[in-house]
Amino acid sequence: MNFDTIETNDNRSYSYEGFENTVRDEYAKIIAFVDSGSKVIDLGCGNGVLLEQLIATKKIFGSGIEISENAVSICKCKGLDVRHGSIDEPLPFRDNEFDYAICNVTVQMVMYPEILIKEMKRISKHQIISFPNFGFWKNRVELLLHGTMPSKTLFGYSWYTTGHIHQFSIKDFYELIDFIGGVKIIECAYAETLDSLRLKVANMFPNLFHLLPIFLLKKTE
């Protein structure tokens, strides 16, 4: 086998070199969900840009956990309180220690998403979760016409070079939340910007027409 032919565009290495200050579209929607002065934990915080923005705009008390040692180093250089570790296992925090637990575009990349969300519920009063919607219409068309793994939710990677191991839809997410129990969905926003007509249609059929939903949940028990 010629290993030189293996694709170098591989996000399983979780390298953030060159992306230290990249701001993504969903950050503003997440920030809008968070009350000023809150205590926040960002699970899978990456390069720490979201934490930086929350601290700057909402004056939060923020910390994070990240599996990428490269990203943890970047966060520490920024003066952020971020530790290295996995997020889909029992977390080293007290019950209700945080006002918000955030997991942004990472649920699909962990081995045990149900454990992650249960831990988010345990340690925080509110949970903010975003993910790429596998039920998005372009994914459906690509799978139907080409019979191959849809690329829209892989953000430019191939199926074999991505850390996405649990693709799921908005409908699947609702079913998972029902299974876990003890939390309810308070609000949902979407990262993409659409004109008023397309937004109205997309909101009627979110599982079909929205690519990246952001859910705000609240613990009920």
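Please treat every number below as a calculation from the coordinates, not as lab data. Since the structure is predicted, the reported quantities are computational estimates derived from the model, not experimental observations. So basically every Cβ, Gly included, is an ideal-geometry build from the backbone, and we count neighbours across all protein chains shown.
Sum up the charges of everything whose Cβ sits under 11 Å from the Cβ of Met109, counting Lys and Arg as +1 and Asp and Glu as -1, but leave Met109 out.
Around Met109, the charge tally is 0.
Go through (1) 1.08; (2) 1.66; (3) 1.02 and flag the label whose value is the computed Cα Rg over 2.2 N^0.38 Å for this structure.
(3)
At 222 nm, what value in deg cm²/dmol follows for the chain if DSSP H runs of at least 4 each add -39500 (n - 2.57) and the sum is divided by all its residues, to the nearest 500?
On the way: 8 runs with 71 residues, N = 221.
Counting only the DSSP helices, I get -9000 deg cm²/dmol.
Along the charge dipole of the chain, pointing to its positive end and built from +1/-1 on Cβ of Lys, Arg, Asp and Glu, which listed residue (Asn70, Val23, Pro150) has its Cα farthest out?
Positive-most Cα among the choices belongs to Val23.
Scan the chain and hand back the longest stretch that contains none of the trypsin sites (Lys or Arg not before Pro) lying in DSSP loops with at most 11 other Cβ atoms within 10 Å. Before the final figure, lay out the partial values.
Working: sites that count: Lys59, Arg94.
My reading of the result: 95-221 is the longest stretch.
Simple spin-label model, 7 Å along Cα-to-Cβ: Lys200 to Leu144 in nm?
2.5 nm
Can you give me the C-alpha center-to-center distance between region 79-132 and region 157-189, rounded to a whole angstrom?
13 Å
Counting other C-beta atoms within 10 Å, and keeping those with at most 13, which DSSP coil chymotrypsin sites (Phe, Trp or Tyr not before Pro) do you find in region 122-221?
Working: sites: Phe134, Phe136, Trp137, Phe155, Tyr157, Trp159, Tyr160, Phe168, Phe173, Tyr174, Phe179, Tyr190, Phe209, Phe215; in loops: Phe134, Phe136, Phe155, Tyr157, Trp159, Tyr160, Phe168.
Hits after loop and neighbour filter: Phe155, Trp159, Tyr160.
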